[in-house]
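Colleague: Encoded as structure tokens, here's the structure I'll be asking about.
Since every read-out is calculated from the coordinates, none of them should be taken as a lab result. Predicted model only: the values in this text are computed from it and were never measured. A quick note on method: Cβ atoms are made from the backbone with ideal geometry, for glycine too, and the neighbour counts reach across all protein chains shown.
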Amino acid sequence: MKTWSVRLAFVALILMGHTAYGQEKSITIWWAQWDPAAGLQELGKDFEKETGIAVKVHQIPWPSYHDQVFLNFGNKQTDFDIVVGDSQWIGRGATRGLYLELTDWLPQAVDISTIHPRAARYLCEYPAGSGKFFAAPCETDAMGFVYRKDWFEDAAEKAAFKEKYGRELTTPDTWDEFRDIAEFFQRPEEKRYGCSILAGRGYDGITMGFQPFLWSWGASWGDAQTYQVQGHVNSPAAVAGLEFMKSLLEFTPPGGNMADYFSNNDVFLNGSTAMVLDYFPFYPGIVASMGDKVDFFMVPAKGDKRGISLGGQGFSISTKISKEQQELAKQFIAWFEQVRVQKKWITFPGSFTANTELLASAEFAEAAPFNATFAASLDYLQDFWNVPVYNELLAVSQRYLGEALDGVKTPKEALDHIAEEHELIMLEAGLLK
Amino acid sequence: MVNSAKRGRRRDWMKYGFVGPALVLLIAMNVFPLIYSIFLSFTNADLIGGDYESRGGLNYKVVFLAAKYAGALRTTAVFVGLAVGIELVLGFALALALKGRLLLKPVVLTVLLVPMMLPQAVMGLYWKLVLNGNYGILNQILGALHLGQPQWITDPALKFFSILMIDVWMWTPFMMLIALASLNAIPNYIYEAAAIDRASKWTVFRRITLPMSAPLLGLAVLLRATDALKQFDLVMAVSGPNDATTQTLSALLYQVVFRDGKVGLGASYSYVVLVLVIALASIFIRYMAALQKKQKEAPA
């Protein structure tokens with residue numbers, strides 16, 4: 001009898017424990033595997049302390065992040081409550097009913113006027129500028145250059161540069177100045193190279209790398225209202241931009257025609273390259289490793305035109321979860337967007353904010369050597385198409401831009417192919433009438 | 001009489017009872033998806049679900065007209081032809097070298113077999129490091145020897161051949177193994193008879209070794225060709241699924257179905273490829289059958 005009593009008590013304890021466990025509230029966030037995601041996991045502990053709701057950040061390696069997220073959206077119920085989706089995904093998420101619409105809720109939870117207008121436009125709204133929200137800012141990101149300050153400040157280098165080009169060796173403000181400096185530092189015999197731009201063939205590398213040239217030369221991917229592509233992406237200005245981009249490959253380390261986000265980080269860290277293009281969240285690692293040998297500058301302009309690829313991601317809530325989980329997700333996002341939380345968020349490596357008040361503060365500018373350049377870059381952000389068929393458009397541009405840099409096609413041929421195929425995709429998707 | 005009929009009926013039910021579960025599984029796992037994917041190939045079905053509608057033959061039209069589909073088919077054909085050809089020649093040569101008595105033969109054989117026992121995806125990533133133009137060990141060795149340092153995985157003229165080279169490194173041992181088995185199966189007395197007839201080494205190779213090992217080698221070619229046709233892991237690891245110069249059928253299918261989410265279009269492409277593969281395999285199998293028949297009919 002006594003044994004049975006003990007057994008019953010044991011079972012009751014297990015059941016109580018299970019019930020208590022079942023009542024624990026938590027949200028699951030999916031994001032790519034990088035420093036900001038680790039920072040978000042840390043920040044989530046504060047949210048748990050304040051609310052009792054646990055935050056689990058599931059990190060997926062970048063190369064398979066997109067595929068895993070959309071495969072999961074194919075299920076009746078997603079394994080995540082919040083996905084930190086790339087800016088281009090928002091059209092697909094919004095129109096296919098995957099992302100919860102936040103139009104009514106977001107302005108109540110967050111003061112929209114404090115979100116940088118470019119971040120709100122490209123990270124949160126679909127269609128861009130429509131005022132319909134499907135995401136809230138999480139990681140606002142931009143491209144920028146890191147350079148070898150010690151080389152630029154070397155007296156002998158400065159004198160040699162002035163003698164050759166007739167001006168001071170300073171960070172370039174235009175692409176022509178950039179090319180001169182890249183040419184100047186190109187010394188393969190010394191294993192020293194001028195620059196490394198982005199030309200990776202993975203998910204979106206070469207497309208993101210080409211965009212600053214496309215926009216600075218005065219061209220665009222197409223008409224955002226009519227979705228007309230011909231005459232925009234293959235305009236003479238776009239061809240000239242791609243030709244210029246290709247000409248810079250003369251000054252890159254070996255393999256520069258396929259340089260991606262990670263290899264660019266490597267060629268800078270190995271001390272071989274003067275100027276490297278990448279997204280800002282890669283830079284805390286470089287600063288930690290190279291200290292005051294390095295500094296940063298904004299993506300150069302062509303004349304008065306400057307365009308910088310946006311790289312941020314927003315929080316989107318899955319429609320394929322319960323209402324209760326959606327409410328918890330909203331609670332977390334509202335908490336995250338508070339200024340006091342954003343202040344802590346930007347202290348984590350590679351974590352950036354869209355909050356204009358913080359971006360303009362001296363505190364932010366002085367917190368890291370790249371912050372001031374980052375804040376200045378935001379005003380020039382633009383993005384690739386974020387329509388539902390973005391991925392097909394991206395696959396086409398990746399393929400033909402790669403062929404142009406590889407010399408398989410001329411820049412004009414490559415851009416003509418892109419225009420032709422993009423137009424077909426837009427037509428088929430019913431966007432282009 | 002009645003009892004015997006009952007027993008017969010019971011035996012019939014038992015037969016169905018034993019075969020039934022396997023049959024149901026086969027229908028559920030193979031036959032149904034096959035038929036369902038034929039249906040999907042005429043629709044605009046999307047990976048993330050939702051409603052879809054018929055597109056008629058539009059998917060098939062796209063497959064036949066868009067250059068990238070023919071491009072991937074061409075890349076795969078060249079890959080299969082070169083990979084299987086090189087592996088066959090190298091594997092057969094190695095088998096000939098290892099056929100006789102050799103010091104430490106078991107050790108040599110084991111070492112040679114290691115590459116094919118390793119996972120392709122892991123080997124792809126490993127070779128990507130080895131072949132890296134800037135810090136890869138191969139270029140470091142070439143540099144130390146004052147030789148050129150090609151950009152193995154970024155140079156458009158080389159990246160396809162780099163993947164081919166990795167495949168050859170991995171699968172030559174497989175060809176060698178089957179070739180060695182076929183060589184060992186040739187009876188010694190035939191070689192002794194040839195020696196009595198004073199046949200030259202070349203004649204022995206051409207008239208005895210090659211024709212008698214041909215059936216097994218043919219099987220090896222068929223197995224390897226089928227496998228190479230599905231080449232995916234190495235392409236994904238070395239250059240990704242969307243590089244025009246290295247995009248094989250499987251890589252393109254991955255791109256279409258899993259990146260673009262176009263299940264219908266992917267299904268139609270798969271069926272076009274399936275028809276082509278069945279046609280080629282049928283021709284090859286008939287050729288092999290004819291070869292075997294000819295051998296059986298040849299005078300001893």
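Colleague: Jot down the radius of gyration and Dmax of the stretch B:59-111, Cα atoms only, both in angstrom.
Modeller: 19.8, 60
Colleague: Here is a further query. Give me the distance between the Cα centres of the stretch A:45-87 and the stretch B:175-224, rounded to whole Å.
Modeller: So the two Cα centres are separated by 59 Å.
Colleague: Based on the mean of other beta carbon atoms within 10 Å per residue, what is the order of B:138-146, B:64-72, most packed first?
Modeller: By packing density, highest mean first, the sequence is B:64-72, B:138-146.
Colleague: Let me ask you something else. Would you work out which of A:A375, A:G97, B:L96 lies farthest towards the positive end of the dipole of the protein assembly as shown, given +1 charges on the beta-carbon of Lys and Arg and -1 on that of Asp and Glu, about the Cα centre?
Modeller: After comparing all options, I get B:L96.
Colleague: Sum -39500 (n - 2.57) across every DSSP H segment of at least 4 residues in chain A, then divide by the residue count to get the 222 nm mean residue ellipticity, nearest 500.
Modeller: -14000 deg cm²/dmol
Colleague: Shifting gears a bit: So for the protein assembly as shown, what percent of the C-alpha to C-alpha distances run longer than 40 Å?
Modeller: Looking at the protein assembly as shown, the distances longer than 40 Å represent 46 percent of pairs.
Colleague: Here is a follow-up. What average number of partner chain Cβ atoms lie no more than 10 Å from the Cβ of the residues making up B:259-268?
Modeller: 3
Colleague: Mind checking A:66-79 for the average number of partner chain beta-carbons within 10 Å of each residue's beta-carbon?
Modeller: Partner Cβ neighbours, averaged per residue: 3.
Colleague: For the residues A:H417, A:H116, what sequence is obtained by ranking on other C-beta atoms within 10 Å, fewest first?
Modeller: So the residues, fewest neighbours to most, are A:H417, A:H116.
Colleague: Pull out a ≥ b ≥ c, the square roots of the eigenvalues of the alpha-carbon gyration tensor of the stretch A:303-433, then state rounded if a/c is under 1.5, prolate if not and a/b is larger than b/c, and oblate in the remaining case.
Modeller: It is oblate, given that a/c is not under 1.5 and a/b is not larger than b/c.
Colleague: Normalized C-alpha radius of gyration of chain A, against 2.2 N^0.38 Å?
Modeller: 1.09
Colleague: Roughly how large, in nm² to one decimal, is the mean projection of the convex hull of the alpha-carbon atoms in the stretch B:107-248?
Modeller: 11.5
Colleague: Ignore the peptide's own chain and count Cβ atoms of other chains within 10 Å of each Cβ in A:390-403; give me the average, rounded.
Modeller: The per-residue average across the peptide is 4.
Colleague: Could you state the angle between the C-alpha long axis of helix A:155-165 and the longest principal axis of the C-alpha atoms of chain A, as a value from 0 to 90 degrees rounded to the nearest 10?
Modeller: Relative to chain A, helix A:155-165 is tipped by roughly 60 degrees.
Colleague: When the label point is put 7 Å from the Cα of A:S289 along its Cα-to-beta-carbon vector, which residues of the stretch A:36-59 have a backbone N closer than 18 Å?
Modeller: A:36
Colleague: Taking the Cα centre of the stretch B:197-244 as origin, work out the dipole magnitude from +1 charges on Lys and Arg Cβ and -1 charges on Asp and Glu Cβ, in debye rounded to 20.
Modeller: Charge dipole of the stretch B:197-244: 460 debye, to the nearest 20.
Colleague: Further question: Sort the following peptides by mean Cβ neighbour count (other Cβ atoms within 10 Å, averaged over residues), highest first: A:224-237, A:371-384.
Modeller: Averaged packing, sorted descending, gives the order A:371-384, A:224-237.
Colleague: Right, next: Need one number: nm distance between label points at A:E189 and B:I208, each 7 Å from Cα along Cα→Cβ, rounded to one decimal.
Modeller: 6.3
Colleague: Which of the aspartates and glutamates could a cross-linker bridge to B:K68, judged by Cα under 14 Å and excluding same-chain residues fewer than eight apart?
Modeller: A:E392, A:E403, A:E420, A:E421, B:D243
Colleague: Moving on to the next point. For the ranges B:97-107, A:190-200, what's the packing order if you count other beta-carbon atoms within 10 Å of each residue, average per peptide, and put the highest first?
Modeller: A:190-200, B:97-107
Colleague: Roughly what would the spin-label model give for B:A290 and B:N184, points 7 Å off Cα along C-beta, in nm?
Modeller: Label-label distance for B:A290 and B:N184, simple model: 3.3 nm.
Colleague: Next up: For the stretch A:322-376, report the convex hull volume of the alpha-carbon atoms normalised per residue, in Å³, without decimals.
Modeller: It comes to 86 Å³ per residue, whole-number rounded.
Colleague: Which shape class applies to the stretch A:245-307: rounded if a/c is under 1.5, otherwise prolate when a/b exceeds b/c and oblate if not, where a ≥ b ≥ c are the square roots of the Cα gyration tensor eigenvalues?
Modeller: It is oblate, given that a/c is not under 1.5 and a/b is not larger than b/c.
Colleague: Which three extents, in angstrom, do the Cα atoms of the stretch A:113-175 have along their principal axes, listed largest first?
Modeller: 55, 20, 17
Colleague: Using a/c under 1.5 as the rounded threshold, could you call chain B rounded, prolate or oblate? The axes a ≥ b ≥ c are square roots of the C-alpha gyration tensor eigenvalues, and prolate needs a/b larger than b/c, oblate otherwise.
Modeller: oblate
Colleague: With θ set to phi - 60° and the Karplus curve 6.51 cos²θ - 1.76 cosθ + 1.60, what are the ³J(HN,Hα) couplings of the stretch A:311-318 in order, to the nearest whole Hz, using x for Gly and Pro?
Modeller: Listing the rounded values in order: x, x, 9, x, 7, 10, 9, 5 Hz.
Colleague: What fraction of the Cα pairs in the stretch B:173-300, stated in percent, has a spacing above 23 angstrom?
Modeller: 53
Colleague: Let me ask something else about it. Could you quote the convex hull projected area for the stretch B:171-210, Cα atoms only and averaged over all directions, in nm²?
Modeller: Computing the convex hull of the Cα atoms and averaging its projections yields 2.9 nm².
Colleague: Using each residue's phi in the stretch B:286-291, evaluate 6.51 cos²θ - 1.76 cosθ + 1.60 at θ = phi - 60° and report the 3J(HN,Hα) Karplus result to the nearest Hz, with x for Gly and Pro.
Modeller: Taking θ as phi minus 60°, the curve returns 5, 5, 5, 5, 5, 5 Hz for the stretch B:286-291.
Colleague: Considering only DSSP beta bridges where both residues belong to the protein assembly as shown, give the percentage that are antiparallel (nearest 5).
Modeller: 60
Colleague: Relative to the compact-globule scaling 2.2 N^0.38 Å, provide the ratio for the alpha-carbon radius of gyration of the stretch A:85-125.
Modeller: Output field value: 1.18.
Colleague: At R0 = 45 Å, how high is the FRET efficiency between B:R11 and B:I278 if r is their beta carbon distance? Nearest 0.05 is fine.
Modeller: 0.75
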